[in-house]
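The values are calculated or read from the model by the stated rules, or taken from the named source; none is laboratory data. Just so we're clear, the structure is a prediction, and the values are computed from it rather than from any experiment. Cβ placement follows ideal geometry from the backbone for every residue including glycine, while neighbour counts extend to all protein chains displayed.
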Amino acid sequence: MQVRNQKDFGAGCIYMLAGLGFSIGALSYRVGDAARMGPGWFPLWIGVLLVLIGLALAAGSLKPSAAQEKVKRPEFGSIAWILGAVVLFGVLLQPAGLVLSLVVLVVVSSMASHEFTWRAALLNAALLSAFSVGVFIKGINLQIGLWPAFLG
């Protein structure tokens, strides 16, 4: 038995580990049954589902008909751009507001791509900002500043 698709095999293993972690963590809560679900019910079954998806993915990578694919070296520069964007979002959210923080998040994380264009990044930022304002501010009335505090 030989792993023909390393990407799928690795992804399957990660899914199985995450699912196992969720399932084990869920057991520290009261699980209950289908009629009276406890707080551990949903995470337990999501974990089980992740394990099953991971098994299917890993098993599929072992088939002789699976496409041969090797795992490439990670692009650490791209990873750094994305992690930096998330950290910036967290730091800027309170002082700069949701809209400006999202614009920074999208533009900085877009720089991780080799196909970066300002037009696409700003369009994505505008769409994500509009969607987020609609869902979080208008939809569920989340108490986050929309704009920087000094703008009122």
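Points to keep in mind about this one:
- Looking only at region 1-59, and only at residues there that are among the polar types (S, T, N, Q) and within 22 Å of Arg73 (Cα to Cα), the one that is surrounded by the most Cβ atoms within 10 Å (Cβ to Cβ): Asn5
- Inside region 58-82, residues that are assigned to a loop (DSSP other than H, G, I, E, B) and either touching a Leu at 6+ places or on another chain (Cβ under 9 Å) or hydroxyl-bearing (Ser, Thr, Tyr) (or both) make up a count of 2.
- Residue ID - nearest to Glu69 (Cα to Cα), chosen from residues in region 1-29 that are in a helix (DSSP H, G or I) and hydroxyl-bearing (Ser, Thr, Tyr): Tyr15
- Residue within region 88-96 that is loosely packed, with under 13 Cβ neighbours inside 10 Å and either assigned by TED's automatic domain parsing to the domain that holds Gly19 or under 18 Å from the mean Cα position of the chain (by Cα) (or both) present: yes
- Evaluated against (1) surrounded by fewer than 18 Cβ atoms within 10 Å (Cβ to Cβ); (2) part of a helix (DSSP H, G or I), Ala85 falls short on exactly one condition, (1).
- Inter-residue pairs, beta-carbon under 7 Å, first under 18 Å from Ala80 (Cα atoms) and in a loop (DSSP other than H, G, I, E, B) and in region 107-126, second of a type outside the set (Asp, Glu) and modelled with pLDDT of 95 or more, 6+ apart: Met111/Trp81; Ala112/Trp81; Ala112/Ile82; Phe116/Ser110
- Selection status of Gly84, closer than 30 Å to Ala26 by Cβ and in contact with a helix residue (DSSP H, G or I) (Cβ under 8 Å, 6 or more places away or on another chain): no
- When each of Gly47, Gly77 is tested for being in contact with a Phe, Trp or Tyr (Cβ under 8 Å, 6 or more places away or on another chain), free of Cβ contacts under 8 Å to residues at least 40 places away in the same chain and closer than 28 Å to Met16 by Cα, the lone residue that passes is Gly47.
- Among the conditions (1) without any contact (Cβ under 8 Å) to a residue 40 or more places away in the chain; (2) in contact with a strand residue (DSSP E or B) (Cβ under 9 Å, 6 or more places away or on another chain), the only one that Gly60 does not satisfy is (1).
- Among the candidates Gly54, Gly40, Gly32, Gly25, residue that is more than 23 Å from the chain's Cα centre (by Cα) and farther than 30 Å from Ala125 by Cα: Gly32
- Single match in Phe131, Phe136 (criterion: modelled with pLDDT under 95 and either under 18 Å from the mean Cα position of the chain (by Cα) or surrounded by 12 or more Cβ atoms within 10 Å (Cβ to Cβ) (or both)): Phe136
- Residue in region 30-49 that is part of a loop (DSSP other than H, G, I, E, B) and touching a strand residue (DSSP E or B) at 6+ places or on another chain (Cβ under 7 Å) present: yes
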